[in-house]
Amino acid sequence: QVQLVESGGGLVQPGGSLRLSCAASGSIFSLNLMGWYRQAPEKTRELVATITSGGGTNYANSVKGRFTVSRDNAKNSVALQMNSLKPEDTAVYYCNLVQRGMPYWGKGTLVTVSS
């Protein structure tokens, strides 16, 4: 089994910054894809950013230049640095890990961008 635990969500004003972290535990293989998805109220879950074991990254167009995904392979963790936050970034953010074709999800952490 794989467990993912997110932390770092909260309330932030527009233009502010927030950092999300996710720690993975259990049977983690060296080759995997980690990342972040989000789901706003009444919307479907969408990709935010992913990062491979080798450090290759992929971002949603809506967050390019504002968000940065990073990982620590030794600690099986992934982080999301979010800058210049906008109200439309408000959502529950989910940590994701994919290995050997199997996806795993965290329970999510709420990010609210509001003045």
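The values are calculated or read from the model by the stated rules, or taken from the named source; none is laboratory data. Keep in mind that this is a model prediction, so the values were computed, not measured. Reconstructed Cβ throughout: ideal geometry from the backbone, glycine too, with neighbour counts over all protein chains shown. SASA here: full protein model, heavy atoms, side chains in, ligands and nucleic acids out. Shrake-Rupley method; radii C 1.70, N 1.55, O 1.52, S 1.80 Å.
Return the residue satisfying two criteria in turn: it lies in region 65-104 and is of a type in the set (Lys, Arg) and more than 14 Å from the chain's Cα centre (by Cα), and of such residues it is nearest to Leu11 (Cα to Cα).
Step by step, filter region 65-104, then rank; the result is Lys86.
Counting just the residues of region 34-46 that are assigned to a strand (DSSP E or B) and open to solvent by 60 Å² or more (accessible area, probe 1.4 Å), which one comes out nearest to Lys107 (Cα to Cα)?
Of everything passing the filter in region 34-46, Gln39 is nearest to Lys107 (Cα to Cα).
Considering only residues that are open to solvent by 70 Å² or more (accessible area, probe 1.4 Å) and either in a loop (DSSP other than H, G, I, E, B) or closer than 13 Å to Trp36 by Cβ (or both), which ones fall in region 69-91?
Lys86
Looking only at region 53-64, count every residue that is among the polar types (S, T, N, Q), closer than 20 Å to Ser17 by Cβ and under 13 Å from the mean Cα position of the chain (by Cα) and tell me the total.
Result for region 53-64: 1.
Step by step: first the residues of region 1-22, then only those that are more than 13 Å from Asp89 (Cα to Cα) and not in a strand (DSSP E or B), then the one that is modelled with the lowest pLDDT. Which residue is that?
Filtering first and then ranking leaves Gln1.
Taking region 93-115 only, how many residues are aromatic (Phe, Trp, Tyr) and open to solvent by 50 Å² or more (accessible area, probe 1.4 Å)?
2
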